[in-house]
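Structure first, commentary second.
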Amino acid sequence: MVLPLTYYGNPILRQKGEPVEDITPELTQLIQDMFDTMKEHRGIGLAAQQIGKTIQLTVIDIRAVEDRPSTLELNGEEADPHSIMPLILLNPEIEHLGPEETGAEGCLSFPKIYGDIPRPERIHLKALSGNGEPTDFICGGLLSRCIQHETDHLHGILFIDRMDRESKTDIKEDLDELLKQSKADMEEPEA
């Protein structure tokens, strides 16, 4: 089922998610609904806050992107990043590796708004999978960027928070318009 997205201006996007303690049928259904929602909106990552939930859950699938490579190391060996897709991350923890690299990012909670964001090129990720099993790998490129972006969401951090002042100034009108629209949508009574 496709779920409604939360947009910039909705306070839930600034809330830190609670750790996921149990894998329940409701959580399993939510994960499937998040994948449906992400696919419907042509995204590659979606955090729980973006569908109005404050838990430490994100779903990722980078397979549709062919022009931005990723790297993956599993158990010290090079692996195909597509081999772990689609990816479900519960309670992710990230260790930054190496220097920062600036790259383009967008966000489903910020339709048609993009910016160049500096992030470490490689990360070491530890999390739980959708069935509660430990997940541990090193990745780089788009996969690393996507995981960092979605993990930020789980802590109430938005990609605009990582933009430099000039980039943020360039999108100020679009941000103001989105904020205005989001506030109007939140004030509408539910049918």
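Where a number appears in this text, it was derived from the coordinates with a stated rule and is not lab data. Since the model is a prediction, treat every value here as computed from it, not as a measurement. Cβ: placed from backbone, ideal geometry, glycine included. Neighbour counts: every protein chain shown.
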Exercise for the section: Evaluate the relative contact order of region 1-82 (contact order divided by residue number), counting alpha-carbon pairs under 8 angstrom at least 6 apart; express in whole percent. Expected result: 31 percent
Exercise for the section: Show that you can apply the helix-only estimate: for the chain, add -39,500 (n - 2.57) for every DSSP H stretch of four or more residues, divide by all residues, and state [θ] at 222 nm to the nearest 500. Expected result: -8500 deg cm²/dmol
Practice task
Go through 123-129, 181-187, 37-43 and give me the packing order, highest mean Cβ count within 10 Å leading.
Solution key: 123-129, 37-43, 181-187
Exercise for the section: Round to a whole angstrom and tell me the spacing of the C-alpha centers of region 142-172 and region 1-41. Expected result: 18 Å
Practice task
Could you state, as a whole-number percent, how many of the C-alpha pairs of the chain are farther apart than 31 Å?
Solution key: 14 percent
Problem - Shape of region 1-80, Cα gyration tensor, a/c cut at 1.5 - result: prolate
Problem - 27 Å Cα-Cα threshold exceeded, pairs from Lys126/Lys183; Lys126/Lys172; Lys16/Lys126; Lys126/Lys168 - result: Lys126/Lys183; Lys126/Lys172; Lys126/Lys168
Problem - In order through region 75-80: 3J(HN,Hα) via Karplus (6.51 cos²θ - 1.76 cosθ + 1.60), integer Hz, x for Gly, Pro - result: 6, x, 10, 5, 9, 7
Handout entry: Mean Cα-pair separation over length for the chain, i.e. relative contact order, pairs under 8 Å, 6 or more apart, %
Key = 26 percent
Problem - Unit charges on C-beta of K, R, D, E only; dipole of the chain, Debye - result: 260 debye
Exercise for the section: Quick one: compute the contact order of region 60-158, relative version, from alpha carbon pairs under 8 angstrom and 6+ residues apart, as a percent. Expected result: 30 percent
